[in-house]
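Reading through the structure tokens given below for one structure.
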Amino acid sequence: MGGIADTEEWKALEGAAYDLRSKSAIDLFKDDPGRAQDFSIGAAGVFLDYSKNKISTEARAGLIALAERADVAGAIRRMVAGERINATENRAVLHVALRDFANRSYELDGENMSQAVKAERGRMVKFADAYARDELLGFTGEPLDTVVNIGIGGSDLGPRMVVEALKPYWIEGRRAFFVSNVDGRDLGDALDRIDPARTLFVIASKTFTTQETMTNAASARAWFLANGGTEKDVAKHFVALSTNEMAVREFGIDPENMFRFWDWVGGRFSLWSVIGLSIALQAGSATFERLLRGAHAMDEHFRTAPLAENLPVLLALVGVWNRNFLGLGAHAILPYDQRLASLPAYLQQAEMESNGKSVSMDGAPADAATAPVIFGEPGTNGQHAFYQLLHQGTDVCSADFIAAAKTDGPLGDHHEKLLANFVAQQEALMVGREFQEVWRELERLDYPANEIKRLAPHKVFKGDRPSSAILVERLTPEALGAIIAMYEHKIFVQGVIWGINSFDQWGVELGKTLAKAVLPEIASEGGEPPAAVDTHDPSTNGLINRINAMRSAPQGKDETP
Ligand code: G6Q
């Protein structure tokens, strides 16, 4: 049996793309003056305008037919029913249960998960509220006021991004640091800035075996013990967020100080679980609940709206169109909001770890291109950097522009300028600038003809570069929750269409395994040069031996070639 690319729906879309080959998005607006409205949709406080993508009405209908063919509606039902749709890990995928305020019950293997979710969130809220009220006291009797979240990947990027985004909601006097990298500088920089007597270390690890997190956690505990804390104080200053009680216990954290979640919460979908504790500590439990409620509103829309009126589904289909039928291999995430500075990194993981796959669910090669490369920076910074390629590069990238119409911190006309850039960049990408126009402008500026001839080609913008606008009124916790949930669902829908498992991540394993083998081969700094390593390929051997030569060289000697 063939895959999705063998279906007549897919072939029809290839036909639709062919029909559009000599048309631009601007032409589509000429054909359909109501296009801006027709190619826009709102849900859960999020407005999406995808009209600047080169998608015709026929292509959109074809994409919806494709989603029907891939049984997206059925896949949504199976996910929320708790089926083990993460088949390669034999797990359900139920992050929606973590933010379900509709009193649905989620049963898994006879256990009522809704009860468990509620109970664990209750413990988390109680703890966060005690922190907010200065009731968590450290070893000197002073209240704790600083959080150091130690985690990586899904146990870092989500809470980090949300804490940064919700700065206006921070509890006064509270500080939160996020440490993820095994590079000791990351932890070292945080430790330099904190007082052990007032710090709570939050060790966030689903498995509680991750090398980076365990290394950082052990070093943080050693630092704590060397700086006034005693073994019996560890309970006041260390909590664990995990699914692995035994490992938490072995590390020396009392299960009383452990907040639990479950294997059906994927790491990159876990900020809604107790992995969000740092959010609740820094911004308060009420803010955390508002975030969850925003996501829930998007979930309700996603599970009930017909495919053709379903915002995350449409966003996913626009991505499929750009990736598979226009052949675009990169997608930019461009938040015009400094608070969302970490959203590109967050979505890089969410999209690339979920859908960066080349094998279908059934083990056969995926029969279409899957996730594009995701990259981005906040606007307007990116405009002064990589937008050159977006506007004039040989490869066309698609982009999401994200903004809030109102700011929480008005300052002069900053926000007006920010929004003007948000709008103008999308306009420039689509409309471009023709040769004649450039020519006329240079003439107006009195350039001599030979100069005009020389310069004009460099100033032409071909235009017709696709972008979508994602707009909220204000970046409230609800709006942020809805935006994140929108992207989660978009990713899921794309995975369903591509026939891949969006919820495993086997591709991160090999490097981890090899690093374990290499670790004992790395020489200690300043020690005796070890015997030459020859157990790998020649390049890897050479690199290890070069590192070891540099590390064992006496201080000050320059080993660079
Ligand atoms: C996310 C991934 C991955 C994971 C980290 C941390 O979906 O599985 O990014 O979150 O590897 O894992 P632990 O939480 O188990 O330390």
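Bear in mind that the values in this text are calculations on the coordinates, not laboratory data. It should be emphasised that the depicted structure is a prediction, and the values quoted were computed from it without experimental measurement. Virtual Cβ from ideal backbone geometry, glycine too; neighbours counted across all protein chains shown.
With a cut-off of 8 Å between alpha carbons and a minimum separation of six or more residues, what is the relative contact order of the chain in percent? Relative contact order comes out at 18 percent.
Using a cutoff of 8 angstrom between alpha carbon atoms and counting only pairs six or more residues apart, the relative contact order for the stretch 156-311 works out to 26 percent.
For the stretch 1-157, lysine pairs with C-alpha atoms less than 21 angstrom apart, excluding pairs fewer than eight positions apart on the same chain, total 7. Site pair THR540 and ALA226 shows an inter-label distance of 3.3 nm when each label is modelled 7 Å from Cα along Cα→Cβ.
Which of the GluC sites (Glu not before Pro) found in the stretch 126-205 are in a DSSP loop and have at most 15 neighbouring Cβ atoms, other than their own, within 10 Å? Walk me through the numbers before you get to the answer.
Working: sites: GLU135, GLU164, GLU172; in loops: GLU135, GLU172.
Taking the stretch 126-205 and a limit of 15 other Cβ atoms within 10 Å, the loop GluC sites (Glu not before Pro) found are GLU135, GLU172.
Taking the DSSP beta bridges in the chain as the whole, what percent of them are antiparallel, to the nearest 5? The antiparallel proportion sits near 30 percent.
For the stretch 323-330, putting each phi into the Karplus relation 6.51 cos²θ - 1.76 cosθ + 1.60 with θ = phi - 60° gives couplings of 6, 8, 10, 9, x, 7, x, 9 Hz, in residue order, rounded to whole numbers and with x for Gly and Pro.
Listed by chain and number, the lysines whose alpha-carbon sits under 20 Å from that of LYS167, ignoring those within fewer than 8 places in the same chain, are LYS406. Taking the helices alone, the chain has a mean residue ellipticity at 222 nm of -13500 deg cm²/dmol, built from -39,500 (n - 2.57) per DSSP H run of at least 4 residues and averaged over all its residues. With each label modelled as a point 7 angstrom along the Cα→C-beta vector, the LYS512-GLU443 pair spans 6.4 nm. Bridgeable lysines around LYS453 (alpha carbons under 19 Å apart, same-chain partners fewer than 8 residues away excluded): LYS462. Please work out the C-alpha center-to-center distance from the stretch 499-559 to the stretch 39-62 and express it in whole Å. The stretch 499-559 and the stretch 39-62 have Cα centres spaced 48 Å from each other. Between the beta carbons of ASP6 and LYS406, assuming R0 = 41 Å, the FRET efficiency works out to 0.30 to the nearest 0.05.
Mind checking the angle between helix 311-320 and the chain's longest principal axis? C-alpha axes, 0 to 90 degrees, to the nearest 10. It works out to around 70 degrees. Charged neighbours of ALA132, selected by a Cβ distance under 13 Å, balance to -2 (K, R count +1; D, E count -1).
So what's the net charge close to ASN501: Lys and Arg +1, Asp and Glu -1, counting the other residues with Cβ under 14 Å from its Cβ?
On the way: positive: ARG78, ARG84, ARG91, ARG268, LYS357; negative: GLU83, GLU89, GLU353, ASP362, ASP504.
In short, 0.
In loop segments of the stretch 389-479 as defined by DSSP, the GluC sites (Glu not before Pro) with at most 14 further C-beta atoms inside 10 Å of their C-beta are GLU434.
Summarising the label geometry, the points placed 7 Å from Cα in the beta-carbon direction at PHE435 and ARG174 lie 6.1 nm from one another. Please list, in order, the residues from the stretch 329-346 whose amide nitrogen is less than 17 Å from a point placed 7 Å along the Cα→Cβ vector of SER358. Under cut-off, by backbone N: 329-330. Multiplying the residue separation of ASP195 and ALA81 by 0.36 nm and removing their Cα-Cα distance gives an extension gain of 36.4 nm.
Find, among the trypsin sites (Lys or Arg not before Pro) in the stretch 110-159, those assigned to loop by DSSP (not H, G, I, E, B) with at most 10 other beta-carbon atoms within 10 angstrom.
Details: sites: LYS118, ARG121, ARG123, LYS126, ARG133; in loops: ARG133.
Taking the stretch 110-159 and a limit of 10 other Cβ atoms within 10 Å, the loop trypsin sites (Lys or Arg not before Pro) found are ARG133.
If you take the charge dipole of the stretch 360-518 about its Cα centre, with +1 on Lys and Arg Cβ and -1 on Asp and Glu Cβ, which of ILE491, LEU471, TYR387 is farthest toward its positive end? The listed residue farthest towards the positive side: TYR387. Local charge for ALA283 was computed over the other residues whose Cβ lies under 10 Å away, with Lys and Arg +1 and Asp and Glu -1, and equals +3. Can you say what percent of the DSSP beta bridges in the stretch 399-494, counting only those with both residues inside, are antiparallel? Round to 5. So the antiparallel bridges in the stretch 399-494 amount to around 10 percent. The value of relative contact order for the stretch 1-80, using C-alpha pairs under 8 Å at least six residues apart, is 33 percent.
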